[in-house]
Structures are given as C-alpha cells and as structure tokens.
Amino acid sequence: MRTLHYILCLQLVSLLGSVRAEALEPSEQTKVTGYLNYGQSYNSNLKTAELDNASGRSASGQELEAQLALHWTPAQRWALDLGYRHQQNSWRDNSDFNTSLGLWSADLSYQAKWLTLGSSYHKADASLASEDFLGLDQYSLYMAKLWQQRYYLRLSLTQTDKDFTVLDDRDAKLQQLRSDFFAFSTDQQGFMQLGLAYQDEQTESELFDFRGPLIQLKASQQWRWFEQDHKVQFGWQWQHKDYQIAADAEKRQDRIQSWLMNWQWQLNNYLALTAQLEHQSSASNVPTADYSQNLAGMALRLSF
C-alpha cells in the first residue's frame with residue numbers, strides 16, 4: 001500500500017506542478033452540481049455489506065442521500081473533480097441495521113494526445129446502528145481512450161484499505177485490476193457497458209483472504225415522451241470469491257449475482273422521480289453467506 005500511495009503522491013505533485021506552470025486558457029471553467037434524494041425502500045433480507053450476517057428479516061424504511069460536486073478545468077487538457085456524498089438508511093423496527101455513509105472523492109486527470117491519464121482518491125466513513133463501523137481509503141491510477149465519439153475504454157489499478165472499528169480481524173487491503181468498455185449509440189442517448197475485474201483481498205485474519213474475478217454488464221437508454229425525459233438502466237453482476245484458507249473441511253467458495261433495474265422520470269429541470277428494483281443471490285458452502293435478497297425503492301430527487 002505504501003508503494004502505491006507513494007506513486008500516487010508523486011503523480012499528484014507532478015500534475016499540480018504542471019498546472020501551475022501552464023498559463024490558464026480562456027476556456028477555464030468551474031461547475032458546481034448537487035442533488036438531494038429522499039425515498040422509501042423495502043428489503044426482504046436485511047444484511048450488512050462486508051459481513052456475513054443475512055438476518056432473514058424483512059423491513060421497510062427511509063433513505064436520504066445528498067451530494068455536492070465541483071468540476072474545475074484549471075488549464076487546457078486538465079480536469080479536477082471534487083465531491084462529497086452522504087447517505088443514510090433507516091429501517092423500521094430494525095435499527096441495528098441502520099447505516100450512515102460519508103464519502104469524499106478527488107479525481108485529477110490529463111487529456112494527452114491519445115489517452116486520458118488520471119488518479120483518484122476516495123475516503124469513506126460508515127456507521128452501523130449509530131456506531132462507528134468502517135473507515136476506507138481508496139487509491140486509483142487509470143488510463144482511458146475515447147474513439148469515434150462512440151467507444152470508450154478505461155483501465156484502472158485500485159488499492160483499498162479497510163479499517164473496521166471493532167472487527168480487527170476483518171481489516172483488509174484489496175487490490176483490483178479492472179477494465180471497462182462502453183459502446184454509445186449514435187444519438188448518444190444510450191450505451192452498453194462491460195466491466196471485467198480481478199480482485200485480491202488480504203485481511204488480518206487469513207480466514208477472510210480471497211481472490212477472484214468480477215463481471216459486470218449494464219445497458220442504459222434515454223428517451224423523451226410527452227415533453228419529459230426518461231431513462232432506464234438494466235444491470236447484472238457476477239462475482240466469484242475463492243477463499244484461500246479452509247475454515248472446516250473445505251475451502252470457502254462464494255458466487256454472488258445481482259440484477260438491477262433503475263428508472264428515472266425527469267419531471268422538470270430540477271425534479272425527478274426514480275424507482276429501483278434489485279435482486280441479489282449468494283451461493284456459498286458457508287451457511288451464513290448463502291442467501292437471497294430483494295430490494296425495491298422509490299424516491300424524489302431535487303438536483304441543480
């Protein structure tokens with residue numbers, strides 16, 4: 001982790017130094033955006049991400065989410081994106097599964113002649129049942145290429161450091177190599193995405209060390225109907241976690257799939273109605289990690 005962190009710091013210093021050396025172009029731009037999201041949700045099987053604790057209990061609840069983002073082009077070919085997002089989930093009569101997440105992000109990129117080069121940093125703090133639960137730091141290096149204004153390829157190397165407040169044996173370092181390919185429609189109203197990744201997570205307790213592939217597919221389409229914009233997205237993800245140490249007689253194997261459908265109806269320039277359906281299933285030879293889960297939600301979004 002120190003090596004990757006050192007490389008990222010060197011790159012960031014180099015990038016910022018180059019920005020200061022360049023004369024700012026008239027095209028310098030600053031844009032601030034944000035949104036506030038409030039909705040109702042349903043979960044058929046409450047569980048906590050990062051833990052094998054599917055409860056078998058269903059519940060309905062409320063979700064509140066807000067984000068503020070800044071996009072700045074300090075000089076020609078350079079872009080800096082900063083953001084903060086806060087999300088809260090509250091479940092009726094199941095406060096032990098209430099969660100709160102705060103996420104800071106920074107991304108600096110340079111548009112070279114043939115490629116876009118960049119680095120990013122994310123910092124998250126999560127609480128569970130009103131108690132500190134997880135701190136996360138994520139560092140990424142990436143390169144990307146757009147051609148014919150329709151095809152986009154992005155390659156990234158990411159390291160994530162997880163620090164659990166209580167569960168020290170779950171503290172981990174996750175390394176991921178990932179590629180994402182996008183194909184856009186000729187009218188730029190839709191796209192298809194294929195994501196391929198390989199993950200290797202090393203934890204304080206070797207019982208939770210795993211590695212394995214991840215595949216993600218997504219399709220998105222926008223259209224206009226009765227003078228209002230609509231967008232629908234479909235997604236599928238498959239992940240294989242091959243644990244390295246056998247807890248009992250055999251090594252643990254998890255195969256996780258999820259399906260997602262999301263619809264957004266833009267009522268006017270600032271207000272939108274969103275609906276989401278999701279199904280997730282995990283096939284595992286460890287009983288606590290073998291489960292299925294259905295989620296549904298509807299929300300109102302105010303954006304600027």
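How much of the accessible area of the range 15-174, in percent, comes from carbon and sulfur atoms when a 1.4 Å probe is used? List each step's numbers first, then the result.
Working: 4860 of 8840 Å².
Reported share for carbon and sulfur atoms: 55 percent.
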Item checked: the range 181-235: projected area of the alpha-carbon convex hull, averaged over directions, in nm² -> 5.6 nm²
Checklist line | Solvent exposure of the chain as accessible area per residue, Å², 1.4 Å probe | finding: 58 Å²
Margin query: Given the -39500 (n - 2.57) contribution per DSSP H run of 4+ residues, what per-residue ellipticity at 222 nm results for the chain, rounded to the nearest 500 deg cm²/dmol?
Written below: -2500 deg cm²/dmol
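Using 1/(1 + (r/R0)^6) with R0 = 22 angstrom and r between the beta carbons of E206 and A283, what's the FRET efficiency to the nearest 0.05?
On the way: r = 23 Å, r/R0 = 1.04.
It comes to 0.45.
Mind checking the full-extension length gain between S44 and K173? Use 0.36 nm per residue of separation minus the Cα-Cα distance, one decimal, nm.
Values: separation 129, 0.36 × 129 = 46.44 nm, distance 3.07 nm.
Extra length available between S44 and K173 comes to 43.4 nm.
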Next item on the list: Excluding residues on the same chain fewer than 8 positions from K47, give the lysines whose Cα lies under 20 Å from its Cα.
Entry: K162, K241
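If Lys and Arg each add +1 and Asp and Glu each add -1, what is the summed charge of the other residues whose beta carbon sits under 13 Å from the beta carbon of K113?
Numbers: positive: R77, K145; negative: none.
It works out to a net charge of +2.
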Margin query: Which trypsin sites (Lys or Arg not before Pro) in the range 27-62 sit in a loop by DSSP (not H, G, I, E or B) and have at most 15 other Cβ atoms within 10 Å of their own Cβ?
Written below: R57
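Residue separation times 0.36 nm, minus the C-alpha to C-alpha distance between L70 and N269: what's the value? Present the calculation step by step, with values, prior to reporting the outcome.
Details: separation 199, 0.36 × 199 = 71.64 nm, distance 1.93 nm.
Contour length minus Cα-Cα distance gives 69.7 nm.
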Note to self: How far apart, in nanometres, would the label points at R255 and E131 be if each is projected 7 angstrom from Cα along the Cα-to-Cβ direction?
What the structure shows: 3.6 nm
Check: With point charges of +1 on the Cβ of Lys and Arg and -1 on the Cβ of Asp and Glu, referenced to the Cα centre of the chain, which listed residue (Q188, S95, L300) lies farthest in the positive direction of the dipole?
Finding: Q188
Notebook entry, point to check: Between H240 and S60, what length comes free when the chain is fully extended (0.36 nm per residue of separation minus the Cα-Cα distance, one decimal in nm)?
Noted result: 61.8 nm
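Relative contact order of the chain, please, whole-number percent, based on alpha carbon pairs below 8 angstrom and at least 6 residues apart. Walk me through the numbers on the way to the answer.
On the way: 807 pairs, mean separation 37.9, N = 304.
This gives 12 percent for the chain.
Give, rounded to the nearest 20 debye, the magnitude of the charge dipole that the chain has about its Cα centre when Lys and Arg contribute +1 at Cβ and Asp and Glu contribute -1 at Cβ.
On the way: 26 positive and 35 negative charges, 246 e Å.
That gives the chain a dipole magnitude of about 1180 debye.
Given a 1.4 angstrom probe, I'd like the percentage of the accessible area of the range 180-224 that is carbon and sulfur, rounded to a whole number. Spell out each step's value before the answer.
Values: 1460 of 2500 Å².
Result for the range 180-224: 58 percent of the exposed heavy-atom area is carbon or sulfur.
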Check: Rule-of-thumb check for the range 215-304: C-alpha Rg over 2.2 N^0.38 Å?
Finding: 1.53
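The values are calculated or read from the model by the stated rules, or taken from the named source; none is laboratory data. Fair warning: this is a prediction, and the values are worked out from it, not measured in the lab. We place every Cβ from the backbone using ideal geometry, glycine too, and count neighbours over all the protein chains shown. Quick note on the areas: whole protein, heavy atoms, side chains included, nothing else; ligands and nucleic acids left out. Shrake-Rupley method; radii C 1.70, N 1.55, O 1.52, S 1.80 Å.
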